[in-house]
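Any read-out appearing in this document is the output of simple, stated calculations on the displayed coordinates, not a laboratory observation. Keep in mind that this is a model prediction, so the values were computed, not measured. Counting neighbours? That spans all protein chains shown, and the Cβs are built from the backbone with ideal geometry, glycine included.
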Amino acid sequence: MSLLRRLFSAEYRAAVAAEAAGDYLAAARCYGLCGEKAKVARMHLAQAGLEQSLDRRIHALTTAISFAPPDGDLRPQVLKQLAEVMVQRAHGADLSTAAGRQDMSEAAARFEEGGWDEQAGDCWLELNDRERSAAAYSRAGLVEKVEQILSAQEETQGRRRREESCFKDYEMLLQGGQRSEAVTALRRCIEVAERKGEYRRLLGELEQRLLERGQVRLEVEGHRLLLCGTFPLLMGRDAQCQVQVRGSSVSRRHCRVLCCPAGGFTLEDDGSHNGTLLSGLRIGAPMPLPASGTIGLGDDCLLEYVLVGQPPTALDIVVRSGLDVDKRFVAGTGELDLAMVLDQGPGLGVWFDGGHPMARPRQGLLQLNGARTATSVQLIQDDVLEIDGRPVKVLG
């Protein structure tokens with residue numbers, strides 16, 4: 001608008017008066033009637049400075065951009081202010097939310113549109129978009145920042161490769177029956193991963209399934225038995241006893257069985273209240289176990305046993321009276337052969353290594369959870385083994 005037209009334009013005079021009075025929205029309307037788009041943009045920019053709400057400031061600045069001329073210094077300045085306010089709103093919403101990330105992404109785009117590449121690079125970096133961040137810093141000529149991002153990206157890629165390798169190791173070891181090694185592989189995943197939650201969940205589940213007390217409960221073709229590999233073999237009501245049996249005459253730690261150096265086993269009372277009987281006779285001192293017989297824990301709990309092997313290396317015990325009738329325990333000093341313990345049982349050998357139950361096929365083919373394996377495996381709870389199609393389930 002020419003100077004002469006301004007002097008005689010009522011709208012223009014009204015716009016100037018409204019601007020002087022600080023009524024920027026009224027001034028913007030009057031300037032708009034005069035066709036002064038740049039002035040309209042500046043009025044909305046001034047109005048944005050008065051707004052307390054981030055949303056209203058963003059609205060005012062967005063309106064200012066729609067009127068700002070494409071050339072000149074005004075549009076870049078408005079774009080910068082709009083981007084800065086959107087960064088504030090993004091931080092307030094938290095970048096872990098979709099709204100926060102959307103605001104930060106739009107702020108980066110506004111910075112780039114206005115030619116503020118360093119600020120755009122900072123936004124992309126907060127969004128962990130290193131590729132866009134490096135491109136923005138490169139346009140800004142910030143070589144050092146570009147190198148820092150590329151180095152961090154290279155380190156991240158290396159960490160991800162190590163994470164993938166550790167997880168593949170875990171899957172292979174778990175499926176192959178090397179469970180302690182699988183635990184170690186998962187812990188390595190947690191060490192190198194940025195997001196650790198899923199690995200921690202898997203580790204917690206696996207550790208809950210580990211068996212480390214030198215005993216394992218199996219179900220073999222309808223037969224349930226508890227295999228024990230630690231001596232002395234404690235018998236009583238206490239949960240720490242390998243042979244845990246209940247009865248009114250049974251003490252918490254009633255008696256125990258020890259291994260003899262030359263082979264065989266010895267029974268001795270462990271300070272029980274109601275005494276220990278061997279084949280009906282109360283013992284007062286350690287007694288060697290004959291090839292078969294009964295062990296009485298007081299008057300109401302009777303265990304029947306048979307020594308297995310020659311010389312004896314295992315003890316097969318069945319509860320005949322008490323609260324745990326038919327409960328079966330097999331304890332041994334070395335590898336226990338299920339074919340020897342159970343009539344026509346599967347050819348599976350079980351032993352304990354550091355308290356962990358181990359198994360291997362003594363004859364036939366072994367499958368672990370549906371996958372064939374030819375090596376010894378570490379058993380964990382809920383495993384299902386098959387020896388030539390004959391199932392063995394690990395109960396715990």
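Whole-Hz Karplus ³J(HN,Hα) for segment 388-396, in order, using 6.51 cos²θ - 1.76 cosθ + 1.60 and θ = phi - 60°, x for Gly and Pro?
Here the 3J(HN,Hα) series is 6, x, 9, x, 9, 10, 8, 8, x Hz.
I want the antiparallel fraction of DSSP beta bridges within the chain, as a percent rounded to 5. Walk me through the numbers before you get to the answer.
Values: 62 of 67 bridges.
Expressed as a percentage, antiparallel bridges in the chain total about 95.
To the nearest 20 Debye, how big is the dipole of the chain about its Cα centre, given +1 on the beta carbon of each Lys and Arg and -1 on that of each Asp and Glu? List each step's numbers first, then the result.
Numbers: 48 positive and 55 negative charges, 136 e Å.
In total the dipole reaches around 660 debye.
Helix-only estimate, please: 222 nm mean residue ellipticity of the chain, summing -39500 (n - 2.57) across DSSP H runs of length 4 or more and dividing by its residues, to the nearest 500.
Working: 13 runs with 177 residues, N = 396.
For the chain, the value works out to -14500 deg cm²/dmol.
Could you list MET172, MET340 in order of exposure, starting from the residue whose Cβ has the fewest other Cβ atoms within 10 Å? Don't skip to the end; give the middle numbers.
Working: MET172 13, MET340 18.
So the residues, fewest neighbours to most, are MET172, MET340.
Using modelled amide H (1.01 Å from N, peptide plane; none on Pro or chain starts), what sits under 5 Å from the amide H of MET358, excluding residues fewer than 5 places away?
TRP351, PHE352, ASP353, LEU379
Hey, in the GNM for the chain with a 10 angstrom Cα cutoff, which one of PRO312, PRO232, PRO69 fluctuates hardest?
In this elastic network of the chain, the residue with the biggest mean-square fluctuation among PRO312, PRO232, PRO69 is PRO69.
What does the convex hull of the Cα atoms come to per residue for the chain, in Å³?
Output value, Cα hull per residue: 230 Å³.
Between the helical axis of 130-139 and the dominant principal axis of the chain, each derived from Cα atoms, what acute angle in degrees is found, rounded to the nearest 10?
On a 0 to 90 degree scale, this one is about 30.
Which is farthest toward the positive dipole end of segment 249-301 among ILE283, SER251, PHE265, measuring Cα position about the Cα centre, with Cβ charges +1 (Lys, Arg) and -1 (Asp, Glu)?
It is PHE265.
Run the quick spin-label model on ARG195 and SER180: label points 7 Å from Cα toward the beta carbon, then report their separation in nm to one decimal.
Roughly 3.3 nm, to one decimal.
So which residue, out of PRO346, PRO311, PRO361, gets the largest mean-square fluctuation from a GNM of the chain using Cα contacts under 10 Å as springs?
PRO311
For LYS327, give me every one of the lysines with a C-alpha distance below 20 angstrom, ignoring sequence neighbours fewer than eight places off in its own chain.
LYS393
So for TYR305, TYR12, fewest C-beta neighbours within 10 Å to most, what's the order?
By the 10 Å Cβ count, ascending, the order reads TYR12, TYR305.
Running a GNM on the chain with Cα contacts under 10 Å, which residue among ALA109, ALA99, ALA314 ends up with the highest mean-square fluctuation?
Among ALA109, ALA99, ALA314, the largest mean-square fluctuation in the Gaussian network model of the chain belongs to ALA99.
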